[in-house]
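Colleague: Dropping a structure here in structure tokens format, bear with me for questions.
The values are calculated or read from the model by the stated rules, or taken from the named source; none is laboratory data. This is a predicted model, so every value here is computed, not measured. Heads up, the Cβs are rebuilt from the backbone with ideal geometry, glycines too, and the neighbour counts pull from every protein chain shown.
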Amino acid sequence: MITLIHVVQTSIACPSQWDAWDADGNYYYLRYRYGHGQVRQYRTADWVDAAEDELVGIVADFEHGHPLDGDIALEDFARLAGIAVSAHAMVSGYGDHLRDQLILEGVLHLKDLEEEGP
């Protein structure tokens, strides 16, 4: 069974999707939309621009819920896909991912966050 140790939610719903890695550094793209869930393993985390040979394979494929569903919790997705999320996994929600992307793109600066406080 694949056990994920690092998971980043990159979209909340329509689709619900995550970037994920196991202890060996293997990358997985998790996606749930239209009542369909799928786990794909790629050789690179840059799956959008990856060549066809970068796809290692489809690890899991399942149908769940209504055909228009696009929202699912990570725990439910993992259970239905037959994969596990380690109890000690580093899991980042969508808000953390969005903040990090804004910082990387220079739209948001750490000093701005420090001034605002918690």
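Colleague: Just one of the numbered conditions (1) exposed (fewer than 14 other Cβ atoms within 10 Å of the Cβ); (2) in contact with a strand residue (DSSP E or B) (Cβ under 9 Å, 6 or more places away or on another chain) is not true of Glu52; which one?
Modeller: Here Glu52 clears every test but (2).
Colleague: Out of Arg79, Arg40, Arg31, report the one residue that is of a type in the set (Lys, Arg) and in a helix (DSSP H, G or I).
Modeller: On the way: Arg40 fails: in a helix (DSSP H, G or I); Arg31 fails: in a helix (DSSP H, G or I).
Criteria check complete, one pass: Arg79.
Colleague: Among the numbered criteria (1) at pLDDT 95 or above; (2) surrounded by 15 or more Cβ atoms within 10 Å (Cβ to Cβ); (3) outside any strand (DSSP E or B), which one does Gly25 miss?
Modeller: The single condition Gly25 does not satisfy is (2).
Colleague: Please determine whether any residue of region 71-88 is at pLDDT below 95 and not hydroxyl-bearing (Ser, Thr, Tyr).
Modeller: Of region 71-88, the ones at pLDDT below 95 are none.
Taking every residue of region 71-88 in turn, none turns out to be at pLDDT below 95 and not hydroxyl-bearing (Ser, Thr, Tyr).
Colleague: Out of (1) under 15 Å from the mean Cα position of the chain (by Cα); (2) at pLDDT below 95; (3) not aliphatic (A, V, I, L, M), what's the single condition that is false for Asp49?
Modeller: Going through (1) under 15 Å from the mean Cα position of the chain (by Cα); (2) at pLDDT below 95; (3) not aliphatic (A, V, I, L, M) one by one, Asp49 breaks only (1).
Colleague: Considering only region 68-88, state which residues are surrounded by fewer than 16 Cβ atoms within 10 Å (Cβ to Cβ), within 13 Å of the chain's Cα centre (by Cα) and among the hydrophobic types (A, V, I, L, M, F, W, C).
Modeller: Correct list: Ala73 only.
Colleague: So which residues in region 34-49 are crowded, with 18+ Cβ neighbours inside 10 Å and either hydrophobic (A, V, I, L, M, F, W, C) or in contact with a Cys (Cβ under 6 Å, 6 or more places away or on another chain) (or both), if there are any at all?
Modeller: The answer is Val39, and nothing else.
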